[in-house]
Amino acid sequence: MTETTRKELIFIGLGRMGAAMTEHLVEQGYTVHGFDVSEEARATAASFGVDVHDSIAAAISHMEGKKVVWMMVPSKFVDDVLTDIYANVQAGDIIIDGGNTFFKETLKRAEEAASKELEYVDCGTSGGMEGARNGASLMIGGEAGVFAEIEHIFAALAAPNGYARVGESGAGHFVKMVHNGIEYGMMGAIAEGVNFVETHADSMGIDICETLKPYEHGSIITSSLMSWLSDSYKTNGYLENIAGEVPKGETEMEMEYIVEANQTPVLSAALDQRKATREKPSRTGTLISAMRNQFGGHKTINKK
C-alpha cells in the first residue's frame with residue numbers, strides 16, 4: 001500500500017455536501033480529518049466519526065506522510081482556503097477541488113499549484129445530497145498518474161460506474177459546467193411541462209401525483225429530477241410555500257459563458273426562463289425552485 005492508497009484524507013468544508021460525503025467515507029473505513037468554519041457543521045461531522053479540527057492547519061497536520069486534501073467549499077472561498085492549505089502542505093501533496101469552480105479559474109490554480117510542486121485535481125460533483133451520501137457522479141480532471149494514486153477515493157465516493165477521469169487539469173470542472181447546462185435545460189422543460197399539465201388538470205380531471213408516477217418510472221423522461229419533483233408534490237404544503245422566483249445560483253455565471261458560444265439555444269432559453277421569474281414570479285419558477293431544493297438544499301424564496 002502506498003501513502004496515497006491508504007484510506008485517509010483531509011476534508012475542508014463540512015456543509016451539506018461535505019457532511020454527506022465524509023459520512024459516506026467514514027462508513028467505508030476512511031479516516032477523515034475535517035474542518036469547517038461552522039462550529040455546528042464540525043459537531044455534526046464529529047457525530048458520525050470525522051476527526052474534526054478547529055483550523056485547516058490542524059486538520060492537515062493530523063495526517064502523516066503525503067497529504068491528500070479535498071476542498072468542498074463554495075467557489076468564492078476557494079482562494080482563501082488554498083492560501084491556508086499552501087501554508088501547511090509540502091511538495092508532492094495532492095489537492096482536490098470538488099466544488100462548482102469555473103474551469104478557467106481551475107486552470108490558473110493548477111498552474112499555481114504546479115509552481116509549488118503540488119498536484120492539483122479538479123472534480124465536478126453531481127447527484128445532490130442523496131448522491132453525496134450514497135454514491136455521487138464524479139467528473140475528474142488532472143494528470144493520469146495522480147488520478148491513479150487517489151482513484152480509490154473517487155471509487156469510494158461514487159455511484160457504481162459513476163466516476164471517470166475525463167481529461168487533463170480543468171477538464172473535470174469544464175465537463176461539470178456543461179452537465180449543469182444540460183441540467184438547466186432539463187429542469188426548465190420538466191417544470192414547463194408539468195405546469196402545462198396543471199393548467200388542464202381541472203378540465204380533464206387530472207391528478208398530478210398520479211400523472212407523475214408513469215413519468216417517474218420507466219418513461220423516457222424518467223430521471224432523478226422527475227423523482228424530486230414528484231416528492232415535492234407528495235410533501236404536504238411544500239410547493240405552496242415556495243415563491244415563483246428562482247434565485248441566482250452559484251453556477252449562473254458559468255451558464256452565461258456557455259451561452260456566449262452561441263451553440264446552446266436550449267440552455268439560453270432555460271437561463272432566460274430563470275431570470276424572467278425574478279421579474280415576474282411564475283408556477284414554472286416554483287417548480288424549478290422545488291427541484292433545486294430537493295436535490296441540493298439550494299436556497300428558495302418562500303412566499304410571504
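The values are calculated or read from the model by the stated rules, or taken from the named source; none is laboratory data. On a predicted model such as this, the values are computed, not experimentally measured, just so you know. Here the Cβ positions follow ideal geometry from the backbone for every residue, glycine too, while neighbour counts run over all protein chains shown. Quick note on the areas: whole protein, heavy atoms, side chains included, nothing else; ligands and nucleic acids left out. Shrake-Rupley method; radii C 1.70, N 1.55, O 1.52, S 1.80 Å.
Scanning segment 48-62 for residues being part of a loop (DSSP other than H, G, I, E, B) and out of contact with any strand residue (DSSP E or B) (no Cβ under 7 Å at 6 or more places or on another chain) gives a total of 3.
When segment 145-170 is limited to residues that are in a helix (DSSP H, G or I) and touching a residue at least 60 places away in the same chain (Cβ under 8 Å), the one that is nearest to Gln28 (Cα to Cα) turns out to be Ala156.
Residues that are open to solvent by less than 20 Å² (accessible area, probe 1.4 Å), among the aliphatic types (A, V, I, L, M) and under 16 Å from the mean Cα position of the chain (by Cα) within segment 148-160 comprise Leu157, Ala158, listed in sequence order. Failed condition for Ile242, given (1) over 17 Å from Met291 (Cβ atoms); (2) surrounded by 14 or more Cβ atoms within 10 Å (Cβ to Cβ), with all others met? Against the list (1) over 17 Å from Met291 (Cβ atoms); (2) surrounded by 14 or more Cβ atoms within 10 Å (Cβ to Cβ), Ile242 comes up short only on (1).
Criterion applied to Tyr184, Tyr163 was being open to solvent by less than 60 Å² (accessible area, probe 1.4 Å) and either among the aliphatic types (A, V, I, L, M) or within 30 Å of Ile96 (Cβ to Cβ) (or both), and the one residue passing it is Tyr184. For Ser230, the criteria (1) of a type in the set (S, T, N, Q); (2) part of a loop (DSSP other than H, G, I, E, B); (3) farther than 16 Å from Gly185 by Cα hold in every case but one, which is (2).
Yes or no, residue by residue, for (1) in contact (Cβ under 8 Å) with a residue 24 or more places away in the chain; (2) in a loop (DSSP other than H, G, I, E, B); (3) touching a Pro at 6+ places or on another chain (Cβ under 9 Å):
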site	(1), (2), (3)
Leu14	yes, yes, no
Thr22	yes, no, no
Val32	yes, no, no
Val37	no, yes, no
Ala46	no, no, no
Glu64	no, yes, no
Asp80	no, no, no
Asn88	yes, yes, no
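Find the residue count for segment 90-123, including only residues that are in a loop (DSSP other than H, G, I, E, B), surrounded by fewer than 20 Cβ atoms within 10 Å (Cβ to Cβ) and out of contact with any helix residue (DSSP H, G or I) (no Cβ under 6 Å at 6 or more places or on another chain). Qualifying residue count, segment 90-123: 5.
For segment 263-285, taking the residues that are closer than 18 Å to Gly193 by Cα and β-branched (Val, Ile, Thr), the one that is surrounded by the most Cβ atoms within 10 Å (Cβ to Cβ) is identified as Thr284. Here Ile140 fulfils each of the conditions (1) open to solvent by 10 Å² or more (accessible area, probe 1.4 Å); (2) not in a helix (DSSP H, G or I) apart from (1). Looking across segment 18-45, the residues that are surrounded by 14 or more Cβ atoms within 10 Å (Cβ to Cβ) and hydrophobic (A, V, I, L, M, F, W, C) come down to Ala19, Ala20, Met21, Leu25, Val26, Val32, Phe35, Val37, Ala41, Ala45.
Looking only at segment 203-214, decide whether some residue is surrounded by 17 or more Cβ atoms within 10 Å (Cβ to Cβ) and closer than 25 Å to Gly99 by Cβ. Checking segment 203-214: not a single residue is surrounded by 17 or more Cβ atoms within 10 Å (Cβ to Cβ) and closer than 25 Å to Gly99 by Cβ.
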